[in-house]
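Peer 1: Please find one structure pasted underneath; my questions will follow.
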Amino acid sequence: MKKTICLLPGDGIGPEIMAQGVNVLEACAKKFGHQFTFTHALLGGAAIDACGEPLPAATVQACQAADAVFLAAVGGPKWDNLAPQLRPERGLLGIRKALGLFANLRPAMLFPELAGACLLRPDIAAKGLDLIVLRELTGDLYYGEPRGREVRDGQRVGYNTMIYSEEEVRRIAVVAFETARKRRKKVCSVDKSNVLETSRLWKEIVEETHASYPDVALSHLYVDNAAMQLVRDPSQFDIILTGNIFGDILSDEASVLTGSLGMLPSASVGSTGPGLFEPVHGSAPDIAGQDKANPLATILSAAMLLRLGLDMEGEATAVEQAVRQTLADGFRTADIMESGKTLVGCTAMGSRVLERL
Ligand code: IPM
Ligand code: MG
């Protein structure tokens, strides 16, 4: 198959880890007889430096013209003092909105080879951790209007609006139930319906949508309880369905439990058009350019791109198996290093995966 993939290497370690991800995609194309064309576009700090804005129109066009978008990471201290609308994060929020990427899948699982890195007590970890935080990505406090700051009665105030429409909730609930059907058939919807009107609507629509999925078990948790249950016993979760702000927080919590943030991929998809695939971790400016970064989350994001973005299941599985084999053979970057293993840099780790592919 012929496919076009738009690359957004971004900032910090972005270009290094992306190079390894692209090598894997190229090797996959060769092995399975596909032809991938890579286009390049600027996002975040790299775009600010080159064109004065975090999301140039040319980047949106390049992404829209592709079959899938592959992003590494954006942001860094260099751009921390810019006005809010000019910060690198605005590029990320802007591209999510421009591509209509309302469903963000963030899997958190324990790689058996890295069990020692898990932050949980061994008896809790032994019960397993294999869940997906399914976060709504284009609504909620992030985009709600009105928003702003002003002076009221001589005091500075800031405000944002938490808002969801029923259609926004329904479409993400459908993704949750459909995804659960391919897994352990459990959805836990997380809200704050004991306090918030937005959440009461959320819960109502999730329940209505569930009527079409009787084979999937649905439960509900308040977000504070969910944060606690994630640490107490994450094995109870299969799909955690939640809104943009709760999902932002819970997905960081879920991913760090595994102890290997450098291992976790993510996917953001809409109802039509290309999906966007990126590692969960950030741009790690402190180690940028030193060939120390762990490229495995990016390589696993390439696997998600193959599976969900290009409908290439066999290819995705081949990449995931190559990563597992590389770990089983004892290769580790600094972030996941244990005694008795072989320490490698970013480029070498990428090469070890390629050999196994
Ligand atoms: C994430 C990040 C972003 C978010 C930031 C960088 C805007 O935290 O992808 O989780 O809040 O969505
Ligand atoms: Mg976040």
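Peer 1: Given Cβ point charges of +1 (Lys, Arg) and -1 (Asp, Glu) and nothing else, what value in debye, to the nearest 20, does the dipole of the stretch 254-328 about its Cα centre take?
Peer 2: Dipole size: approximately 140 debye.
Peer 1: Can you give me the Cα centroid spacing of the stretch 145-194 and the stretch 96-136 in angstrom?
Peer 2: Taking the Cα centre of each part, the stretch 145-194 and the stretch 96-136 sit 20 Å apart.
Peer 1: Between THR242, THR209, VAL133, whose Cα lies farthest towards the positive end of the dipole of the stretch 108-261 when Lys and Arg beta carbons carry +1 and Asp and Glu beta carbons carry -1, centred on the Cα centre?
Peer 2: Positive-most Cα among the choices belongs to VAL133.
Peer 1: While we're looking at this one, here's another question. PHE36's amide H: which non-local residues (gap 5+, or another chain) put their own amide H closer than 5 Å, with H modeled 1.01 Å from N in plane and none for Pro or chain starts?
Peer 2: LYS3
Peer 1: Scattering from the C-alpha atoms of the chain alone, worked out with Debye: what is log10 I(q)/I(0) at q = 0.13 1/Å?
Peer 2: -1.07
Peer 1: According to a simple spin-label model (label point 7 Å from Cα along Cα-to-Cβ), what is the distance in nm between ARG324 and LYS78?
Peer 2: A separation of 3.9 nm, rounded to one decimal place.
Peer 1: Please calculate the 1.4 Å probe accessible area of LYS2, with all protein chains present, and give it to the nearest 10 Å².
Peer 2: LYS2 exposes around 150 Å² with every protein chain in place.
Peer 1: Still on this model: Calculate the dipole size of the chain relative to its Cα centre from +1 charges on Lys and Arg beta carbons and -1 charges on Asp and Glu beta carbons; express the result in debye to the nearest 20.
Peer 2: 420
Peer 1: Once phi is turned into ³J(HN,Hα) by the Karplus curve 6.51 cos²θ - 1.76 cosθ + 1.60 with θ = phi - 60°, what whole-Hz value does each residue of the stretch 341-357 show in order, with x for glycine and proline?
Peer 2: 9, 9, 6, 10, x, 5, 5, 5, 4, x, 5, 4, 5, 4, 4, 7, 7
Peer 1: Pairs to check: LYS30/LYS341; LYS31/LYS292; LYS292/LYS341. Give those whose C-alpha atoms are more than 23 Å from each other in this structure.
Peer 2: In this structure, LYS30/LYS341; LYS31/LYS292 lie more than 23 Å apart at Cα.
Peer 1: What residue among ASN23, ASN104, ASN294 shows peak mean-square fluctuation when the chain is described by a Gaussian network model with Cα springs under 10 Å?
Peer 2: Most flexible of the set in this elastic network: ASN23.
Peer 1: Run the quick spin-label model on ARG170 and GLN85: label points 7 Å from Cα toward the beta carbon, then report their separation in nm to one decimal.
Peer 2: Modelled inter-label distance: 3.4 nm.
Peer 1: Still on this structure, please answer the following. Take each of the peptides 157-165, 94-102, average the number of other beta-carbon atoms within 10 Å over its residues, and list them starting from the highest.
Peer 2: 94-102, 157-165
Peer 1: Then there's this: Normalised by the residues of the stretch 108-261, what does the relative contact order come to in percent, with Cα pairs under 8 Å and at least six apart?
Peer 2: 37
Peer 1: Taking amide hydrogens as modeled 1.01 Å from N in the peptide plane, which residues meet the under 5 Å criterion relative to LEU241, leaving out close sequence neighbours?
Peer 2: Residues meeting the criterion, in which the H sits 1.01 Å from N, are LEU134, CYS188, SER189, VAL190.
Peer 1: Give the residue from ASN225, GLN64, GLY154 lying farthest towards the positive end of the charge dipole for the chain; charges sit on Cβ (+1 for Lys and Arg, -1 for Asp and Glu) and the dipole is referred to the Cα centre.
Peer 2: Farthest towards the positive pole: GLN64.
Peer 1: Right, another one. Test of understanding: in a Gaussian network model of the chain with alpha carbons linked when under 10 Å, which of GLU320, GLU166, GLU16 would top the mean-square fluctuation ranking?
Peer 2: Residue with maximal mean-square fluctuation among GLU320, GLU166, GLU16: GLU166.
Peer 1: Further question: Based on the Cα coordinates of the stretch 108-261, what is the per residue volume of their convex hull in Å³?
Peer 2: 126
The values are calculated or read from the model by the stated rules, or taken from the named source; none is laboratory data. As the structure is a prediction and not an experimental result, all values here were calculated from the model. Here the Cβ is made from the backbone with ideal geometry for all residues, glycine too, and neighbour counts use every protein chain on show. What goes into the accessible areas is simple: the full protein's heavy atoms, side chains included, and nothing from ligands, DNA or RNA. Shrake-Rupley method; radii C 1.70, N 1.55, O 1.52, S 1.80 Å.
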